[in-house]
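The values are calculated or read from the model by the stated rules, or taken from the named source; none is laboratory data. Being a predicted model, the structure only gives us computed values, none of them experimental. Glycine also receives a Cβ, built like all others from the backbone with ideal geometry; neighbour counts cover every protein chain displayed. Heavy atoms of the whole protein, side chains included, go into the accessibility calculation; ligands, DNA and RNA do not. Shrake-Rupley method; radii C 1.70, N 1.55, O 1.52, S 1.80 Å.
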Amino acid sequence: MVFGLLFAIVAGALVSLQNIFNSKVNEKAGSWATTSLVLGLGFAASLVLGLAFEGGQVFNFSQMKWWYWFSGLLGIGVVTGIVQAIKYLGPTFAISIVLTSQLGFAVLWDSLGWMGLEKVPFTQQQFIGVLIILGGVILFKWSERKAT
Amino acid sequence: MKGLVFAILGGGFITLQGVANSRISQDVGTWQTATITQLTGFLMAFLILVVAGGRGSWQELKKVQPLYLIGGTFGAIVVFSNVTAIHFIGVTLTVSAMLIAQLGMTVMIDRNGWFNLKKQKIKLPQLLGITMMVAGVMILGM
């Protein structure tokens, strides 16, 4: 469990750094040039690390199912959704909803056990946990807005 | 209303991406998963850029301070860690812990004024918000 949490914390910290860096690129180059650059570099870095850790195995596609090739397109949905939401709602409200939705769908997926996930039944305790987290997210985002 | 739908879809896609990637990595390696998904995402984004006639904006990248251009490389570690975390602790805990780290890091960057951002004091409601999130995660993990 601690191991899993550590990975999640590393991912979250890097996402926050990435958001700051990317928004600076976005100011100058717009969202599609930024997205292309970000995903292009992510691809290159993954390939290099993959070659380092998995060797030629990186090019072994025998286990690939057809839809695996399309999973990356979800990223396009992410960028479109967030850019449009900020346009209509402003950053604070938009990001609060994005974070809430992220967590809501996470609970949904765990409790349904879709896509080979281990099914985690949705208990009252989980409901309370998620509610408190959401309260924290919203409190954080709105106090941030007052600051600016 | 329109904005709300976009925000909900955006967040939903972020989570779905983590779930899909962790499913894919059961069949192929985790680095391979990160490589493939970001390659197809890149190709699509680039296609949209070209079709939308925004190729000129590629030139604008030269005006960006070089450090900020390399943010994309973090994506490799983000996808890898996200997938590995989901394998260990499930989607809900992974997303929760990621959100805490994300907001916590933002506070730290703001407080220290890193990356030329305006230095900001931490406010009580922000601390309270993060504390609530940590408490919530502890309840989830119990």
Taking each full run of DSSP H in chain A as one helix, which ones are at least 27 Å long along their axis (Cα atoms) and have mean Kyte-Doolittle hydropathy of at least 0.5? A:2-29, A:31-54, A:91-112, A:124-147
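Cross-chain or 8 or more residues apart, Cα under 12 Å: how many lysine pairs in the protein assembly as shown fit that? Count them up, please.
Lysine pairs meeting the criterion: 6.
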Along chain B, longest interval not containing exposed trypsin sites (Lys or Arg not before Pro), exposed being DSSP loop plus at most 11 other Cβ atoms within 10 Å: B:1-117
Whole-percent carbon and sulfur share, accessible surface of region B:35-142, 1.4 Å: 70 percent
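In chain A, which longest range has no trypsin sites (Lys or Arg not before Pro) that are both DSSP loop (not H, G, I, E or B) and surrounded by at most 12 other Cβ atoms within 10 Å? Let's see the in-between values first.
Values: sites that count: A:K65, A:K119.
Of all site-free stretches, the longest is A:1-64.
Regarding region A:1-89, what's the average projected area of the Cα-atom convex hull, expressed in nm²?
Projected over every direction and averaged, the Cα hull of region A:1-89 covers 8.1 nm².
Given +1 on the Cβ of Lys and Arg, -1 on the Cβ of Asp and Glu, and no further charges, what dipole in debye does the protein assembly as shown carry about its Cα centre, rounded to the nearest 20?
Using only the charged Cβ atoms, the result is roughly 960 debye.
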To the nearest 100 Å², how much accessible surface do chains A and B hide from each other in total, with a 1.4 Å probe? 9000 Å²
Ignoring chymotrypsin sites (Phe, Trp or Tyr not before Pro) buried by more than 15 other Cβ within 10 Å or outside DSSP loops, the longest site-free run in chain A is A:1-60
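For the protein assembly as shown, take the alpha-carbon Rg, divide it by the Kirkwood Rh, and send me Rg/Rh.
On the way: Rg = 18.3 Å, Rh = 19.2 Å.
Ratio of gyration radius to Kirkwood radius for the protein assembly as shown: 0.95.
Suppose all protein chains stay in the model; what accessible area per residue would a 1.4 Å probe give for chain B, in Å²?
Details: 6390 Å² over 142 residues.
With the other protein chains kept in place, chain B gives 45 Å² per residue.
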Spin-label model distance (nm) - B:I70 vs A:L108, 7 Å beyond Cα toward Cβ: 3.8 nm
